[in-house]
Amino acid sequence: MSYSHLSIIERSKLEILHQQGKSARAIAVELGRHHGTISREIRRNAQLPSYEAESSQHAYKERRKASVPQGKWTEEQAKELEEKPQATWSPEQIVERFRTEGKPTVCCKTIYRWIYAGRLAQVDLKVLRHKGKRQQPAEKRGKFAVGKSISERSKEVRSRETFGHWELDTVVSGRGKSKGCVATFIERKTRLYTAIQMPDRTALSMEIAFGVAASQYPAGAFRTATTDRGKEFACYANLEATHGVQIYFADPYSSWQRGSNENANGLLREFFPKGTDFAQITDEALERSLDLINHRPRKCLGWKTAHESFTEELSHLA
């Protein structure tokens, strides 16, 4: 178990037990801590007549402030670094030239961070070759931070050993088009891919689309689902309660954690390129594209089709 600092609640208990005359070892047993942790905590506050939780917590916070590393940034180094980008030098060129000349320097990633953070005030992002576009983009659509992380998902789901584990996403219409989109689903083991049209990218629409998809297959076909943290999946608690499915959320900017779904969405884009208005797509056209995708022989399935593999797994549920 990783180490954690004493909380104000633990310090309050420590104060009471210490006033009762209990030893550090006895207090450690009560708090479920190592006796060395308790001894150090008491010694740090030995200048007081008796251990006090409030003053100890305040002292702890002050120590934490002082423990933050100052980093390698200095005004002198910043001034020297600011000159080079203006001369069209890249951060990597700056670092390597300084290194060959024996000058103190930092790594090029640090220079990028300083530029993005505005610590090199004279450097405009426009002087960089990629104009700052390589920095991690800010999430613009709604998202939420609750729900189970993908790290909690069992090994059998990751290894595709068992059936009934899905990846979910949405494919949207082009800019300037309608709010119409499709909810996409792919079963991880068999790669069966399906899509349900939605009028908009809301949690209510996703909840309805999930119900439509789940109703097409027998009980047991949906066991888990892995999604991103888009606002359309804020209905995850209702999905878990209604359909008995466990929902897991991939990490931000980690589309590879839902690789099957991303790949299948790319196949769907072959039929409906970017810029398509999904509100104008007929059910027949969508069904036709899904049928073609699911009836292609797949190398990862031993040249079976996704439809054949999925049908075989369904027969085991009966």
For this session: Please enumerate the residues belonging to the range 49-65 that are of a type in the set (Asp, Glu) and not in a loop (DSSP other than H, G, I, E, B).
Result: 54, 62
For this session: Can you tell me which residue within the range 157-199, out of those that are at pLDDT 95 or above and of a type in the set (Asp, Glu), is surrounded by the most Cβ atoms within 10 Å (Cβ to Cβ)?
Result: 167
Exercise. When you go through 292, 239 one by one, which is the residue that is assigned by TED's automatic domain parsing to the domain that holds residue 183, touching a residue at least 24 places away in the same chain (Cβ under 8 Å), out of contact with any Ser or Thr (no Cβ under 7 Å at 6 or more places or on another chain) and surrounded by 12 or more Cβ atoms within 10 Å (Cβ to Cβ)?
Worked result: 239
Exercise. Any idea which of (1) at positive phi; (2) part of a strand (DSSP E or B) is the one residue 167 doesn't satisfy?
Worked result: (1)
For this session: Would you check if there is a residue in the range 200-209 being in a helix (DSSP H, G or I) and either in contact (Cβ under 8 Å) with a residue 60 or more places away in the chain or closer than 22 Å to residue 310 by Cα (or both)?
Result: yes
Exercise. Out of the residues in the range 186-199 that are part of a strand (DSSP E or B) and among the hydroxyl-bearing types (Ser, Thr, Tyr), which is farthest from residue 297 (Cα to Cα)?
Worked result: 194
Seminar exercise, completed: The number of residues in the range 295-311 that are without any contact (Cβ under 8 Å) to a residue 24 or more places away in the chain and either among the basic types (Lys, Arg) or surrounded by 12 or more Cβ atoms within 10 Å (Cβ to Cβ) (or both) is 6
Exercise. How many residues are exposed (fewer than 15 other Cβ atoms within 10 Å of the Cβ) and among the β-branched types (Val, Ile, Thr) if we restrict to the range 257-287?
Worked result: 1
For this session: Evaluate the following for residue 186: is it closer than 17 Å to residue 264 by Cβ, assigned by TED's automatic domain parsing to the domain that holds residue 257, without any contact (Cβ under 8 Å) to a residue 24 or more places away in the chain and not hydroxyl-bearing (Ser, Thr, Tyr)?
Result: no
Problem set entry | Within the range 191-208, tally of residues that are within 24 Å of residue 316 (Cα to Cα) and touching a Lys or Arg at 6+ places or on another chain (Cβ under 9 Å) | 1
Exercise. Which residue out of 134, 119, 129, 113 is exposed (fewer than 11 other Cβ atoms within 10 Å of the Cβ), charged (D, E, K, R) and modelled with pLDDT under 80?
Worked result: 129
Exercise. Is one or more of the residues making up the range 97-105 in a loop (DSSP other than H, G, I, E, B) and under 34 Å from the mean Cα position of the chain (by Cα)?
Worked result: yes
Exercise. Of the residues that make up the range 77-90, is at least one outside any loop (DSSP other than H, G, I, E, B), buried (at least 17 other Cβ atoms within 10 Å of the Cβ) and at pLDDT 80 or above?
Worked result: no
Seminar exercise, completed: By my count, helices (runs of 4 or more DSSP H) wholly in the range 224-306 with at least 1 residues that are at pLDDT 95 or above and closer than 14 Å to residue 193 by Cα are 259-271, 283-294
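The values are calculated or read from the model by the stated rules, or taken from the named source; none is laboratory data. All of these numbers come straight from a predicted model, not from anything done at the bench. Virtual Cβ from ideal backbone geometry, glycine too; neighbours counted across all protein chains shown.
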